[in-house]
Amino acid sequence: MNIGIIFHSSTGNTRALAQKIESKLIERNHSVTLRELKTDKPVKSGKQKNDFTITNLPDCADYDAILVGSPVWAFSASPVVINAIESLQNISGKIALPFVTMGFPFPFMGGTSAIRDMNKHMNQKGAILRTGAIAPMLFRNFKKSIENASSAAVEQL
Ligand SMILES: Cc1cc2nc3c(=O)[nH]c(=O)nc-3n(C[C@H](O)[C@H](O)[C@H](O)COP(=O)(O)O)c2cc1C
């Protein structure tokens, strides 16, 4: 499959997960394009809903599946990711899989609700939803969490 991985990362955790997913997909002979979302001004909190512009939003026309990654911010996805999903073109009828990293140790402390939020927006765009993957960080082995979440993501494709 031709797969696009689109993600936002402020401190590198979601980038690490995105890169791990990318390498596992390449191992399985998928063609992968990784795109880290950039904004015209820094976005540091969930309160910045619409006071920024994403400067490198991809067109998903060439992708068979789109994976969207976000840090968990205040029990939701980052506004950059929500804004990106709302603006993405050509995701209707495509497989869409959300993935998140989070600071707290358990998915119910923000990861589950962030995934739900992302899936709600992707559903509104007509995408074919996957359950998604969550990498909790605190108190856990970071590498293991990334390993587990990347495997979970790849298995859903
Ligand atoms: C503004 C803000 C809000 C956050 N809210 C949560 C939260 O509700 N639950 C949680 O588990 N972690 C929360 N975190 C921690 C991040 O989700 C976590 O550090 C994540 O891995 C960061 O990803 P990144 O390095 O890709 O930016 C928050 C971090 C920030 C900066």
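Each reported figure results from applying straightforward, stated rules to the coordinates on display, with no laboratory input. Note that the structure is predicted; figures quoted are calculated from it, not measured. Cβ atoms come from the backbone with ideal geometry, glycine included; neighbour counts cover every protein chain shown.
Points worth noting:
- Put a plus charge on the Cβ of each Lys and Arg, a minus charge on the Cβ of each Asp and Glu, and nothing anywhere else: the dipole of the chain about its Cα centre is then about 420 debye.
- Positive-pole candidate from VAL43, CYS60, VAL80, dipole of the stretch 27-107, charges at beta carbon: VAL43
- Where the Cα pairs of the stretch 50-157 fall when distances are cut into 10 Å bins, in %: 16, 46, 32, 7, 0
- Spatially proximal lysines relative to LYS41 (Cα-Cα < 17 Å; intrachain offsets below 8 disregarded): LYS49
- Subtracting the Cα-Cα distance of ARG116 and ARG28 from their residue separation scaled by 0.36 nm leaves 28.9 nm.
- Cβ-based exposure ranking for VAL72, VAL32, in which fewest neighbours within 10 Å come first: VAL32, VAL72
- Counting every other Cβ atom within 10 Å of each residue's Cβ, THR14, THR39, THR53 order from fewest to most as THR53, THR39, THR14.
- Once the Cα-Cα distance is subtracted from the 0.36 nm per residue extended length, the ALA61 to ASN2 segment shows a gain of 20.2 nm.
- For the stretch 67-157, the list of trypsin sites (Lys or Arg not before Pro) that fall in a loop by DSSP and count at most 16 other C-beta atoms within 10 angstrom reads ARG140.
- Between THR33, THR112, THR101, the GNM of the chain built on Cα springs shorter than 10 angstrom shows THR33 fluctuating the most.
- Under-5 Å amide H pairs with ILE5, H placed in peptide plane, nonlocal only: THR33, LEU34, ARG35, LEU67
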